[in-house]
Amino acid sequence: QVQLVESGGALVQPGGSLRLSCAASGSIFSITAMGWYRQAPGNQRELVATVTSSGSLNYADSVKGRFTISKGSAKNTVYLQMNGLKPEDTAVYYCNAVAKHSVISAFRDYWGQGTQVTVSS
């Protein structure tokens, strides 16, 4: 119904930068929000940043001032610019969309397959 494809994960040194990309495709009637979550080994998945269709932004306290989420110029795309990366940012990053695939369906969460970000010297 709705597919999310992420890209941009990599190995980077502390203090470095990365930009993650996510594109949603498939049978999309409406997307109300897109965002990024991450999961480190042994930890629960946690919110990193989200952006709503109206442009409202939300960030985890741990990334405020370092990460920036933005909508792409192409429809149904979102980016996460990550600066000042720290070893504790190491995790699999997942793209999320809250979407509905038809006028009568309900909004639900859709997830990408994840992209690995490793911050290490």
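The values are calculated or read from the model by the stated rules, or taken from the named source; none is laboratory data. Bear in mind the structure is a predicted one, so any value in this text is a computation, not a measurement. No Cβ is skipped: glycine too gets one built from the backbone with ideal geometry, and neighbour counts run over all protein chains shown. These area figures cover heavy atoms from the full protein model, side chains too; ligands, DNA and RNA do not enter into them. Shrake-Rupley method; radii C 1.70, N 1.55, O 1.52, S 1.80 Å.
Taken together, the residues in the stretch 55-69 that are open to solvent by less than 50 Å² (accessible area, probe 1.4 Å) and assigned to a strand (DSSP E or B) amount to 3. Just checking, does the stretch 73-89 include any residue being of a type in the set (Lys, Arg) and assigned to a loop (DSSP other than H, G, I, E, B)? For the stretch 73-89, residues of a type in the set (Lys, Arg) and assigned to a loop (DSSP other than H, G, I, E, B): present.
Conditions tested, residue by residue: (1) of a type in the set (Val, Ile, Thr); (2) touching a residue at least 24 places away in the same chain (Cβ under 8 Å); (3) under 22 Å from residue 66 (Cβ atoms).
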{"site": "81", "(1), (2), (3)": "no, yes, yes"}
{"site": "85", "(1), (2), (3)": "no, yes, yes"}
{"site": "94", "(1), (2), (3)": "no, yes, yes"}
{"site": "102", "(1), (2), (3)": "no, yes, no"}
{"site": "108", "(1), (2), (3)": "no, no, no"}
{"site": "112", "(1), (2), (3)": "no, yes, yes"}
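Residues of the stretch 13-47 that are outside any strand (DSSP E or B) and over 24 Å from residue 74 (Cβ atoms): 13, 14, 15, 16, 40, 41, 42, 43, 44, 45. I'm checking my understanding of the structure. Among residues of the stretch 77-104 that are of a type in the set (S, T, N, Q) and open to solvent by less than 40 Å² (accessible area, probe 1.4 Å), which one is farthest from residue 8 (Cα to Cα)? Top of the filtered list is 102. Within the stretch 102-121, the residues that satisfy the criterion of being farther than 20 Å from residue 51 by Cβ and either out of contact with any Ser or Thr (no Cβ under 7 Å at 6 or more places or on another chain) or assigned to a loop (DSSP other than H, G, I, E, B) (or both) are 102, 103, 104, 105, 106, 113, 116, 120, 121.
Look at (1) without any contact (Cβ under 8 Å) to a residue 60 or more places away in the chain; (2) buried (at least 18 other Cβ atoms within 10 Å of the Cβ); (3) over 21 Å from residue 43 (Cβ atoms) and you find that residue 72 fails only one, number (2). The lone criterion from (1) modelled with pLDDT under 95; (2) among the polar types (S, T, N, Q); (3) surrounded by fewer than 14 Cβ atoms within 10 Å (Cβ to Cβ) left unmet by residue 43 is number (1). Taking residues in the stretch 7-36 that are touching a residue at least 24 places away in the same chain (Cβ under 8 Å) and under 19 Å from residue 109 (Cα atoms), and partners anywhere that are among the hydroxyl-bearing types (Ser, Thr, Tyr) and outside any strand (DSSP E or B), the pairs with Cβ atoms closer than 7 Å and at least 6 places apart or on different chains are 29/102; 31/53; 32/53; 33/53.
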